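What follows is a short report on a single structure.
None of the figures in this text is laboratory data; all of them are computed from the coordinates on show. For clarity, every value in this text was computed on a predicted model and none was experimentally measured.
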Amino acid sequence: MNQCPNGHRFPDVLLECPVCARDNELKTVFAGSAAAVFPVHSPAPPTKTFLSPKRDSDMAETVILGASSSAPKINLAGWLVLLDINGIPTNSYELFNRKMTIGRAKTNDIVLSDDAVSGIHCSIEVQNGKFVINDNGSSNKTIVDGIPVASCTLEEQATIELGRSHFRIKYGF
């Protein structure tokens, strides 16, 4: 996991913090009374112009090189909100539209310092527009809305217990 200067945590596969990128997505440049808007985080891809022999010399075809990518775009999908013993939110973890692991091991996407949580306790991923949680054979089980589960679709505001840690799911899409 990476951390931006503003304290947001995001996966290593992302080149920049998605929260900061969203907040700074557009930059307005004023020139006299006219305003032009330019994206800050994505420079224009290189272009090359070819003249087609089948067309008039005035007509050109523009080919944009490097514009397509086969890698899926990773987007913020929601949050896992940590609750204190009174059910008050104390922290939140960003959930992205990919499989994310949760546990004590430092290799997890979300690392918990709860000794009742297994090394790789569970995972959360998006399937058909919903979060799905999968227990990874943890010692103390994954409990959703008071029920131990092996796998479960999470509804908005579902409560999740991992060891002594309590969370609420918050959708962002």
Under the Karplus relation with 6.51, -1.76 and 1.60 and θ = phi - 60°, whole-Hz ³J(HN,Hα) for region 137-144, x at Gly and Pro, equal x, 5, 5, 9, 6, 9, 10, 10
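What full-extension length gain, to one decimal in nm, is calculated for Leu15 and Thr90 as 0.36 nm per residue of separation minus the Cα-Cα distance?
Extra length from Leu15 to Thr90 when fully extended: 24.3 nm.
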Phi-derived 3J(HN,Hα) across region 86-100 with the Karplus relation (6.51, -1.76, 1.60, θ = phi - 60°), rounded Hz, x for Gly and Pro, is 8, x, 8, x, 10, 6, 9, 10, 6, 10, 10, 7, 8, 5, 10
In nanometres, the difference between 0.36 nm per residue of separation and the alpha-carbon distance of Ala105 and Ser139 is 10.8 nm
